[in-house]
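Colleague: Starting off with a structure, shown below.
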Amino acid sequence: MEPRRNAFEQPIGAPVPGWKGAQPPGREPLTGRYCRVEPVDVERHAADLFDAYSSAADGRDWTYLAVGPFESPAAYREHLTRMAASTDPLHYALIDLATGKAVGTFALMRIDPANGVIEVGHVAYSPRVKRTRVATEAMFLLMSEVFGKLGYRRFEWKCDSLNEPSRAAALRYGFTFEGIFRQAIVYRKRNRDTAWFSTIDKEWAGLRACYTRWLDAENFDAQGRQVERLADLIARQRVVEGKSA
């Protein structure tokens, strides 16, 4: 499709009629079938989170984060206290409804309601949440809030370009790779080239259908194994959307 042109015959972007900005995220819990996402609370979550992170065999889960691993409950509690006091990033705990325990955290950050852009980051999942329905439903709940309730136009995911598990997770969740920002950050006294991913509001309806189908109890067999992969559902949905465009 040819772009619009102004009076000077310069190409210009598509109009955004009626745009008044998005809403800042609130602190109300988001509850699904398998998990609850709620703002971090030191008294409620510190002990559970330290215990969950301590279940890892080693410290590799912290390699691409600017903090951790934490050697004592007191050290982690101090860190979580700083997280709880922050409003951007706004940190959330993931609660496994089967156990009632906090099993990981992530944050909404770089919150820009005026332009309708927001990012998910500081993802710190313990072994108890990785590759579970809790992890996927948590992202679904966050996307539902960002697009469905708060009215954002763009949802971002960024990570160290060398962090292959994070890059794979972004693609599985339906984010689109946009490129590498070279020498974007210095952390842990080393360089970080940052991989950028995003999903946008016009893609949300299709993603919502894929997540809903994947999370349905019928998509899992008696041993809890998935029948259809989320990535496959999203890939098929994009073929359909491409044909109908």
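Colleague: Out of these labelled values of semi-axes √(5λ) of the Cα gyration tensor in Å, (1) 36, 24, 19; (2) 31, 23, 18; (3) 41, 18, 15, which was calculated from the coordinates shown here?
Modeller: It is the one labelled (2).
Colleague: Only loop residues by DSSP count here, and only those with at most 12 other Cβ atoms within 10 Å; note down the trypsin sites (Lys or Arg not before Pro) in the range 130-177 that meet that. Intermediate values should be presented prior to the final figure.
Modeller: On the way: sites: K130, R131, R133, K149, R153, R154, K158, R167, R172; in loops: K130, R131, R153.
Answer by residue number: R131.
Colleague: Per the helix-only calculation at 222 nm, which mean residue ellipticity applies to the chain, given -39500 (n - 2.57) for every DSSP H run of n ≥ 4 and division by its residues, nearest 500 deg cm²/dmol?
Modeller: Helices in the chain give a 222 nm mean residue ellipticity of -9500 deg cm²/dmol.
Colleague: Are there any trypsin sites (Lys or Arg not before Pro) in the range 203-245 that are in a DSSP loop and have at most 14 other Cβ atoms within 10 Å? List them by number.
Modeller: R225, R229
Colleague: About its Cα centre, how strong a charge dipole does the range 25-244 have in debye, to the nearest 20, once Lys and Arg get +1 and Asp and Glu get -1 at the Cβ?
Modeller: So the dipole magnitude of the range 25-244 works out to roughly 460 debye.
Colleague: Given the pairs K130/K189; K20/K130; K130/K202; K158/K202, which span a C-alpha to C-alpha distance of over 26 angstrom in this model? Write down the numbers at each step before the final one.
Modeller: On the way: K130/K189 28 Å; K20/K130 37 Å; K130/K202 28 Å; K158/K202 20 Å.
Long pairs (Cα-Cα over 26 Å): K130/K189; K20/K130; K130/K202.
Colleague: Please report how far the C-alpha centroid of the range 24-68 lies from that of the range 116-153, rounded to the nearest whole angstrom.
Modeller: So the separation of the two Cα centres works out to 12 Å.
Colleague: Here's another thing I want to ask about it. Mind listing which chymotrypsin sites (Phe, Trp or Tyr not before Pro) in the range 3-106 are in a DSSP loop and have 13 or fewer other Cβ atoms within 10 Å?
Modeller: Sites meeting the loop and neighbour criteria: F8, W19.
Throughout, read-outs are computed from the coordinates displayed, never taken from laboratory work. Small disclaimer: the values here were computed from a predicted structure and weren't measured. Quick reminder, even Gly has a Cβ in these numbers, built from the backbone with ideal geometry, and neighbours come from all protein chains shown.
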